[in-house]
Structures are given as C-alpha cells and as structure tokens.
Amino acid sequence: MNEECLICKSPLKYLNQDEMMECAICHKKELSKTICIAGHYVCSDCHIRGIDSIFGVCMSETSTDPMEIIEKMMSLPFCHMHGPEHHVMVGAALLTAYKNAGGDIDLNTALREMSSRGKQVPGGACGFWGACGAGISAGQFLSIVTSSTPLKKEPWGLSNKMTAKALDSIGSVGGPRCCKRDSYLSILAAIDFVKEHLGVEMTATIPVCHRSKHNSQCIGKRCPFCEGNHEPEIVSFEL
C-alpha cells in the first residue's frame, strides 16, 4: 500500500485551489492542487516519463483484445498504480485492438495523435473536472477513428456519446478513484460501443485485478474486478 508519492511513497493530499509547485524531479514550477504530505510535487511530464515505450508494444501487437494490450502496458516499468499515463494508455490499447480487428486506421499516426491528446488531460481530472481521464481517453479514441472535429456531425456526436458512456460506467461504481479500475471500465464500454456503432468487433475479456495491494484506496469487493469476485457484477453499458 505504498504507491503514492513517487519520491518518498507518502500519501498524497489534494488542495482546494491551485498553488505554485516546484517539481521535485525536474524543478519546473507550475500550478497544481496535488502534493504529498511530506511536501513533494511531481509534474505530469516526470510522472509519465517512459510512456513512449507503449508504442513498441502497440506496433508489434496482434491481439484484438484491448484489455490484454493495456495489461502489457501496465506491466511496463514506467507505469504506476495511478497517474495520467492511463489517459494515454486506454486510447492506445483501443486503437491497437481496433486496428487488429479490422479497423481502417494508420496505427502509428493514430497512436501519436492519441499520445498528444491524452497528455493534455491532467492527473486528478476525475475529481476536479468531474470527468475521469480514462473515460475521456475512450472518447478521444473514438474521435480519432472517426476523424471527428468540432464541425463534424455524426463523428462529433458519437465521440461525446462514447465519453459519456465510459464516464457513466465509472461513476456508477463510485469513488475513490482507481486508475486501473477506471481504465478497465472505459475499455469495456468502448468495446460494446464500437461494435454497435462502427461494426468492428474487438475481443472482450473481464480482467481480475491483482494490484489491490498497491492501492491504498482500493474499494475491495465493491470493485467489479476484485480478485475475490468470482462472478463480477459489471455495470450496464446500454445507452
């Protein structure tokens, strides 16, 4: 239960308003609401350092199961229990599985765009924006594969519906946040949505979490992916 501060492993605390922080790693100064109880702040760029290693995973992958793909990413050394890296990884796993399942995209180009968009969603968005970055990542995935822009009709609508569906799944379970749980819920929501609206069928598997010992805020049996839940009760993904 010690994956909190990347510097000293102390618990994090969240402030009510932005304060100027200095990153303990790169010494960049910026506004943030997040700091550990010992006073350490780590910026998003330092927190996700090494995330480009996911490109090698994705470009060599043949699986049509985004859950299998994201598990490989989560096992890479750069990935922490929680953090904004999940805001990129959800969409990247979906893009890769979508391509392997017959989706018509240039995967390399799509992954680079996903990385650019996902990195703009800050850590803590789930609590401060009312929109979890994992759910937003699923919407970004949909917007990329449909070439959505603010001026498009159907792609614009589908992208927003995708995000809403993922966020509804996340919100139905409730908090506190778990980046792994929220990533799983977003992926499952996207698999159903893409099959219904785009006609591409990715493989769907229900994961069993083995990382609860690293999460000080694990909700235990209330989590649909809890190791002790033999028949997880997954929230409905119907629109």
Answer in debye to the nearest 20: the dipole magnitude of the chain about its Cα centre, from +1 Lys/Arg and -1 Asp/Glu charges placed on Cβ, is 520 debye
Taking the alpha-carbon centroid of each part, what is the distance from region 131-183 to region 53-128 in angstrom?
-> 14 Å
For region 1-152, the accessible surface attributable to carbon and sulfur atoms (probe 1.4 angstrom, ligands and nucleic acids excluded) amounts in percent to 50 percent
Provide GLU19, GLU196 ordered by accessible surface of protein heavy atoms (probe 1.4 Å), highest first.
-> GLU196, GLU19
Which of GLN140, GLN217, GLN17 fluctuates most in a GNM of the chain (C-alpha springs under 10 Å)? That residue is GLN17
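Over the residues of region 80-239, compute the C-alpha Rg and express it relative to 2.2 N^0.38 Å.
Rg over 2.2 N^0.38 Å, computed on Cα atoms: 0.99.
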Lysine pairs meeting the criterion (Cα under 27 Å, 8 or more apart or interchain), as found in region 1-132 = 15
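Once the cut-off is 21 Å, how many percent of the Cα-Cα pairs in region 1-74 end up in the long-distance tail?
That fraction is 43 percent.
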Cleavage-rule hits (trypsin sites (Lys or Arg not before Pro)) in region 97-168: DSSP loop, at most 10 neighbouring Cβ within 10 angstrom = LYS153
Result for the chain: accessible area per residue, probe 1.4 angstrom, in square angstrom, of 48 Å²
Could you calculate the FRET efficiency of ILE25 with LYS72 from 1/(1 + (r/R0)^6), where r is the beta carbon distance between them and R0 is 35 Å, rounded to 0.05?
-> 0.85
Compactness relative to 2.2 N^0.38 Å, alpha carbon Rg of region 141-227 | 1.24
In deg cm²/dmol, rounded to the nearest 500, the helical mean residue ellipticity at 222 nm of the chain, built from -39500 (n - 2.57) for every DSSP H run of length 4 or more, is -13500 deg cm²/dmol
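The values are calculated or read from the model by the stated rules, or taken from the named source; none is laboratory data. Quick caveat: nothing in here was measured; it's all calculated off a predicted structure. Note: ideal-geometry Cβ built from the backbone for every residue, glycine included; neighbour counts use all protein chains shown. Please note that ligands, DNA and RNA were not included when accessible areas were found on the heavy atoms of the full protein model with its side chains. Shrake-Rupley method; radii C 1.70, N 1.55, O 1.52, S 1.80 Å.
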